[in-house]
Amino acid sequence: MKELEECLEALLAEVKPIEKTEYVALTDACDRILGEDIVAQMMIPPYPKSAMDGYAVRAENTSGADREHPVTLQIVGELFAGDYTKIPCKGGCAVRVMTGSYVPEGYDAVIRQEDTDYGEKQVQIYREITAGTNYCCVGEDIREGEQILARGTHLRALHMGLLASLGIYEVLVCERIKCSILSTGSELMAPGTPLLPGKIYNSIAYMLRASMERQGIQVPFTEICGDDKELLKEKIQQCLKTADIVITTGGVSVGKKDLLPEVLEELGAKKIFSHANIQPGTPTIGSVLDGKAILSLSGNPFAAYANFEYYFWELAAYLTQDASLKVRRTQAVLSDPYPKVNKLRRFVRAYAEEGRVTLPTAVHASSVLSNMRDCNCFIDMEPGRELHPGDEVRIRYFK
Ligand SMILES: Nc1nc2c(c(=O)[nH]1)N[C@H]1C(S)=C(S)[C@@H](COP(=O)(O)OP(=O)(O)OC[C@H]3O[C@@H](n4cnc5c(N)ncnc54)[C@H](O)[C@@H]3O)O[C@H]1N2
Ligand code: MOO
C-alpha cells in the first residue's frame, strides 16, 4: 500500500504549474496571485513633503533658537497639500506649510507650529532643529526602480494600497484555476427537486464547491451523472475541456455499478494511485489525462471531504504556485477518548482550538455527514495507534 505522501508526490509530478495570466483592475486584484514583478516607476513621495503643520525653514537659520531667544524669520509664502509653487529661500525666511504639502527647494526642515508663535507675516522660532526634521525626502518610502512585489505574491488588502500609491490601476495576475466536479451515482438528485424513492440529495458537490470558491478557485462545471459508462466518459471529457483539475465522486469501489476505474482506464487516463494507506477513502483514485489531474473520491461524504482536503489543496497550491492554499498542520492535545485502533492510517474528524482537540459525539462512519458540522480539522492518526485523552496528535485544519 502506498503512503498518501507518495501518492501526492506522484500526482504532482504529472502536472505543471499554470502560467496563464490576465490583467485585472486593481479593485478586482485582491486575493489574486501576482503574475509579474512590480518595479516602482516613480518615487514615493514624489516631492519633498512636510510631515507637520508648521513652517518650512533652512535648519541652519534656527541655530541657537529657544523660547528665551527666539529667531525671527520672514514668511515668504504659504503652501497647502496639493500646491506646487517654487518659493526661493533667500536669507532668513520661512514658508507656511501644512502636513503633506510640498516643501520648496532650498528649505530642508519643517518646524512644527507648536514650536513657534504661529506668526502670519513673520514667525518666531522657539527651537533649534536640524536638517531633515519633519521633512520627508523624495523616495523616502519607495525608490524608483525598486522591486516592491514579487511574481507569485498572494495579493492582500495592504498590497492594494502599495499598488495604488504607485498609480497602478491594472495588475497582471495569474488566471484562476478551475476545478470541475462530476458527482456520479444514479441515486443522486440536486437539492431543490422533490426527492424520489430510492434517491438521495447530492451533498458532497456543495461542500467541495463552497470550499473551493472561498479560496478563489472557479468551479465551471458541477453535474450529476448516472452510473452509465458512456455517459460518464462523455462528462469527464467535458470536465477536462473546462477545468485544470477534475473531481469525481462515487463509483470507485467494487460494486457492479462502481464504474469509475473502468471508465478512467477506457478514457486512457494514467492511474497514479488508488488504495493508499488511508481510511476513510481507501478507494480514492488519482489519475492524469491530458496533463490534468483527476481526483476520484469516494461517495461517502466524510471520505470524500477528507481526501479532497488532503490532495486538492496541495495540488491547487502547486498549480498556482500559491503556498497559502496549503492547509495548516499542527499538533494538539486530545481531550476525548477514541476507541478504534486501525490497521491503516486514519483521518478522524475533530474540532481543534488553542492546542486542544475534541471529537464529535455521534458516529464516526465515513457516510455520516451531520457531525462534520462541528468540526474544523481532522486528526491524522498513525496506523495501529491507540488514542487516549492527553495524547499529542497531528492535526490538519480544514481549509
Ligand atoms: N464489498 C465492498 N464494498 C465496499 C467496499 C469494499 O471494499 N468492498 N468499500 C467501501 C468503502 S471503504 C467505501 S469508501 C465505499 C466507496 O464507495 P464509492 O466511492 O464507490 O461510492 P458509492 O458507492 O458511489 O457511494 C457510497 C455512498 O455515498 C453516497 N453518495 C455517493 N455520492 C454522493 C454524493 N455526491 N453526495 C452524498 N452522498 C453520496 C452513496 O449513495 C452511497 O451511500 O464503498 C464501500 N463498499
Ligand atoms: O474508505 Mo471508506 O471511506 O472507509 O468508507
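Values as computed for the structure displayed
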item: Number of positions in region 250-270 that are closer than 16 Å to I224 by Cα and within 16 Å of ligand 2 (Cβ to nearest atom); result: 5
item: Boolean, G100 is at pLDDT below 95 and surrounded by 15 or more Cβ atoms within 10 Å (Cβ to Cβ); result: no
item: Search result, residues across region 282-309 that are farther than 22 Å from E213 by Cβ and more than 15 Å from ligand 2 (Cβ to nearest atom); result: S287, V288, L289, D290, G291
item: Of all residues making up region 322-339, the number that are in contact (Cβ under 8 Å) with a residue 24 or more places away in the chain and in contact with an Asp or Glu (Cβ under 9 Å, 6 or more places away or on another chain); result: 8
item: Elements of type strands (runs of 3 or more DSSP E) contained in region 1-90, each with 3 or more residues being at pLDDT 95 or above and within 30 Å of C137 (Cβ to Cβ); result: 54-57, 71-79
item: Identity of the residue in region 195-219, small (G, A, S) and under 23 Å from the mean Cα position of the chain (by Cα), that ends up farthest from ligand 2 (Cβ to nearest atom); result: G216
item: Pair list, Cβ < 9 Å and 6+ apart or interchain, from region 264-283 residues that are buried (at least 16 other Cβ atoms within 10 Å of the Cβ) to residues that are in a helix (DSSP H, G or I) and of a type in the set (V, I, T); result: L264/I236; L267/I236; A269/I236; A269/V263
item: Per-region count, region 337-382, residues of a type in the set (A, V, I, L, M), touching a strand residue (DSSP E or B) at 6+ places or on another chain (Cβ under 7 Å) and farther than 17 Å from R396 by Cα; result: 1
item: Verdict on T222 being within 16 Å of ligand 2 (Cβ to nearest atom) and hydroxyl-bearing (S, T, Y); result: no
item: Residues located in region 173-211, provided they are assigned to a strand (DSSP E or B) and either touching a helix residue (DSSP H, G or I) at 6+ places or on another chain (Cβ under 8 Å) or away from ligand 1 (no atom under 15 Å from the Cβ) (or both); result: V173, C174, K178, C179, S180, I181, L182, S183, T184
item: Lone qualifier among L319, L344 - being assigned by TED's automatic domain parsing to the domain that holds L182 and either in a helix (DSSP H, G or I) or within 24 Å of I379 (Cβ to Cβ) (or both); result: L319
item: Matching strands (runs of 3 or more DSSP E) fully within region 212-299 where at least 1 residues are among the aromatic types (F, W, Y) and within 16 Å of ligand 1 (Cβ to nearest atom); result: 270-274
item: Condition check for G119: over 29 Å from I44 (Cβ atoms), at pLDDT below 95 and either part of a loop (DSSP other than H, G, I, E, B) or charged (D, E, K, R) (or both); result: no
item: Residue satisfying all of: in region 171-225; among the aliphatic types (A, V, I, L, M) and out of contact with any Phe, Trp or Tyr (no Cβ under 8 Å at 6 or more places or on another chain); surrounded by the fewest Cβ atoms within 10 Å (Cβ to Cβ) among these; result: L196
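The values are calculated or read from the model by the stated rules, or taken from the named source; none is laboratory data. Quick caveat, the model's predicted, so the values are computed rather than measured. A quick note on method: Cβ atoms are made from the backbone with ideal geometry, for glycine too, and the neighbour counts reach across all protein chains shown.
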